[in-house]
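Working notes, structure below.
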Amino acid sequence: MAAEGSSPPPVLPALAGVRVLEIGELVSAPYAGRLLAGLGADVIKIEPPEGDRARARGPFVNGTDPEASGLFLALNTNKRSVVVDQASAPARIAALAAEADIVITNLPAAHRRGLGLDLDRLRSAHPALVTCSVTPFGETGPYAEYQAEELTVAHAGGWAYQCPGASPEIEEPPLKVFGHQTDFHAGTAAAMACIASVTAARATGFGDHIDMCAMAHTAGMLEAAFIAASYMGENPSRLGSRLLNPWGIYECADGLMFLVTVEQDQWERLVAFMGHPEWTTTGLFDTVELRLENEDLLTFYLGEWLAEQRVDDLWRAGQQERICFAPVLTMADLARQDHLRAREFFVGVDHPAAGPVTHLGAPYRASPSPWVPPTPAPALDPNGTASFAARTQPPLPAASTPEDANTPSGRQSRPLEGIRVLDLSWVWAGPYGAMHLAHLGAEVIKVESAERPGLGRRLPLHPPDVEPTLNTSAYFNQWEQGKQSCLLDLSHPQAVEVVKQLAAQSDVVIENFATGVMDRLGLSYAELRAVKPDLIVASISGYGDTGPLASFMGYGPTTGPLTGLSSLTGYHDGPPRELGVSIGDPAAGITAAFAVCAALAGRDIHGQGCHIDVALWEATASFAVEGWMAHAMTGDQPARMGNRDPLMAPHNCYRTAEDPSPPPAPATDTDTDTDTDTDTDTDTDTDTDDPGQWISIACTDDAAWVALARLIDDGLATDPRFVTATDRKANEDELDRIVGAWTARHDRWSLTRQLQAAGVAAFPSMSPMDLLADPHLDVRGVLERQHHAEVGRRVHTGMSWRMADGANGVTGPAPLIGEHTEHVLSTVLGLDGDAIAQLVADGVCR
């Protein structure tokens, strides 16, 4: 015990003593490695003599110094680097892996084989080792050997097909969001699974292999698009109108403003805020349905009013009235945000080659903080050596020997088995994070209210052939898989006490109420910690729990504008665009799940719980690294360029001929009396235009270009306009015209097969219906068909990774409302039937 007046002993970082070998390039594996290093892991990075590809991406202050590439600097803080050539790689990798706890890579399987990197052999030799591959299509399945870049995955996973949201531009292609967004999301999920698995390995002596598929992870974060296909037979795209209005980016007197009204009372507050202009009294905009029917007129009138307002004044005054305004910020605007500075989101790093550079900080706050101060990214030193430090943690169990490697005893089928999570969240961000904890094996108990059911249960996304109830919404059934439902009326004081009792028997509480709601309920972190001192509480909100704007409303759609990603995303010479998905929700959700796994690992070291504070704004901004580093290093930000790339060409999305035959029927199992024919039209998708069929093509180097050129025209490969990457970028408009004319004569799947056989990264831009029938996702178990008592076997997206030894697949369908109330109260709290009946009689639960 510390002496009176003395400081408490320092808390070790969550991953102190964990040793990570990173063998990868660009974004996904390096970002996962950066997250692990930031939590105290010892990360050694393997690089080839020419260095990680990120060293050539920039941005650069002067020239193209590989020691001062902004993307590399941002992704590789707190690491050390070892340069190996192909001849020395096998021995060097084997020696370092023998001392590691985690090996993470994003190199294609063929590249790994060339380096002698055999993950199965490493695990056989070191049974406690956790290995993780983060690849575009995963290690197994029909597309496993396909070439891919970020462009490929964005279109293959269906995100680009939804972007930009509610677009009127039918001739424009589906659009990739700026930067390496799918890589950042998959990398975070990989880091989450690695922490959970290495924590389990330390307890059992057995590691596992995590096979992360970026396409699957992207397909699993499409908001309501995939489930609209599965439940309703709709095929949402980037075209059409929003069901909720107003929703969009509007011009103000001095900039752009995003506005969304989700609930009717928010519209009414907006009308009052505008001073009840005459056009709002006509009755044309009184309901959600009328605002959709008269969307064009609403946009005109609202645009007239907004054009006279100033962005910052409108943002702050509107938010005071609980109206969800958010400015469309540039990177320079982002840098000026006092709220982010107050939350220490910006951190300085002084690099030997690049000098002092302001980096984006940790994606979440925590108290006590698990983060270590960032050190500069390592130099590319061919003569450098690195080895892991001596272990400071207790040795693994003695039973962990090669002879025991195939013995199931001691293995956990899922790494978080035995962990209980109390889920107080709703809508998407919190449920998405808690669902991933359920995928990892945690017991997740969702607290719900029959008096005020969550928005996810109320959204009108029901199968047309099923009587709508609170159990039939596709939205809830997608994001609440694998959980239990316990009904408690939190307006009742006794229900709050029941929640505290459940928290006392739990390891984690996760919530995403507006800032201050938990305090008003009597469920603050201090109060929860009083009932269980080592409890981990994860809070998700728009702006975070602290800072001058903590009280502001922040829905997922606001984060694209707030983070600068909207200002970076758009067609060439076009305006900033929405991102097609309310990206703040999955960004914050997967960040929260990662943070919980890190806190559980830290608790094993120091025995303490913590409060995790995840802001949608910061979690999403953490993925805007490329745009931020351009501003931080040069004072500028990249121009909007559609699907193009700063270095590669051709690199775009091209229209194709129609497929020669219709796509396969949706993979829906009808093992019950529930009719699962989903051809009936509904009003949940107002897209009436044909979005066409498209293919993404990315030539990563001269060899890929030559292969593509020879497929188009034998003489094109030697055309002097296109010989080098510099030539192709200089003549990119003409190049795109030639490639587009060729793709327009062929269907997308025959093109994909031809191009992939020639070594060119190519893939169709996938619609929700395409994903629903995709054989690769099906073979990998991503398309889940758990039986649900009221909707039958509808298809949902499941786990984006596969475990080599542990269990895979979701643990169960989403629960019926209150389905597990009696079970939870009896098994977790030990209440008998009479006590539960009294709680029901008192209105505490049902």
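The values are calculated or read from the model by the stated rules, or taken from the named source; none is laboratory data. In this text the structure is predicted, and so the values were computed from the model without any measurement. Every residue, glycine as well, gets a Cβ built from its backbone with ideal geometry; the counts of neighbours run over all protein chains shown. Note: accessible area is taken over every heavy atom of the protein model, side chains too, but ligands, DNA and RNA are not part of it. Shrake-Rupley method; radii C 1.70, N 1.55, O 1.52, S 1.80 Å.
Subtracting the Cα-Cα distance of ASP702 and THR546 from 0.36 nm times their residue separation leaves 51.1 nm of extension gain. Loop-located trypsin sites (Lys or Arg not before Pro) across the range 200-255 with a Cβ neighbour count of 11 or fewer within 10 Å are lacking, with loop assigned by DSSP. With a threshold of 26 Å on the Cα-Cα distance, the over-threshold entries among LYS176/LYS483; LYS483/LYS532; LYS45/LYS176 are LYS176/LYS483; LYS45/LYS176. Taking the Cα centre of the range 209-328 as origin and assigning +1 to Lys and Arg Cβ atoms and -1 to Asp and Glu Cβ atoms, the resulting dipole is close to 280 debye. Calculated mean residue ellipticity at 222 nm for the chain: -9500 deg cm²/dmol, from DSSP H runs with n ≥ 4 weighted as -39500 (n - 2.57), summed, divided by the residue count and rounded to 500.
Solvent-accessible surface of the chain, taken per residue with a 1.4 Å probe and all protein chains present: 36 Å².
Using a cut-off of 19 Å between alpha-carbon atoms, which aspartates and glutamates can reach LYS500, once sequence neighbours fewer than 8 places away in the same chain are excluded? The qualifying aspartates and glutamates are ASP423, GLU443, GLU448, ASP489, GLU511, ASP519, GLU527, ASP534, GLU822, ASP832, ASP842.
About its Cα centre, the range 36-151 has a charge dipole of approximately 120 debye under the convention of +1 per Lys or Arg Cβ and -1 per Asp or Glu Cβ, with nothing else charged.
Residues THR64, THR188, THR299 ordered from highest to lowest accessible area at a 1.4 Å probe: THR64, THR299, THR188. Convex hull volume of the Cα atoms of the range 22-106, normalised per residue: 79 Å³. Residues GLU451, GLU790, ordered by accessible area of protein heavy atoms at a 1.4 angstrom probe radius and largest first, appear as GLU451, GLU790.
Counting other Cβ atoms within 10 Å, which GluC sites (Glu not before Pro) in the range 559-666 have at most 11 and lie in a DSSP loop? Answer in residue order: GLU658.
Each residue of the range 120-127 was assigned a 3J(HN,Hα) from its phi angle through the Karplus expression (A = 6.51, B = -1.76, C = 1.60, θ = phi - 60°), giving 5, 5, 4, 5, 5, 6, 9, x Hz with x at Gly and Pro. Surface composition of the chain: carbon and sulfur atoms hold 51% of the protein heavy-atom accessible area at a 1.4 Å probe. Summary of the geometry: the range 608-638 and the range 297-367, compared by the centres of their Cα atoms, lie 11 Å apart. Nearest-5 percent of antiparallel DSSP beta bridges in the chain? So the antiparallel bridges in the chain amount to around 45 percent.
Distance between the C-alpha centres of the range 209-242 and the range 528-573: 23 Å, rounded to the whole angstrom. Rounded to the nearest whole Hz, the Karplus-based 3J(HN,Hα) values (6.51 cos²θ - 1.76 cosθ + 1.60, θ = phi - 60°) of the range 39-47 follow the sequence 9, x, 5, 8, 10, 10, 9, 8, 10, with x at glycine and proline.
Here's how it looks for SER81: its modeled amide H is under 5 Å from those of LYS45, which are all 5 or more places away or on a different chain. So, in Å, what gap is there between the alpha-carbon centers of the range 755-832 and the range 27-58? One Cα centre to the other: 31 Å.
Volume of the convex hull of the chain (Cα atoms only), normalised per residue: 174 Å³.
The charge dipole of the chain, taken about the Cα centre with unit charges on the Cβ atoms of Lys, Arg (+1) and Asp, Glu (-1), comes to about 2720 debye, rounded to the nearest 20.
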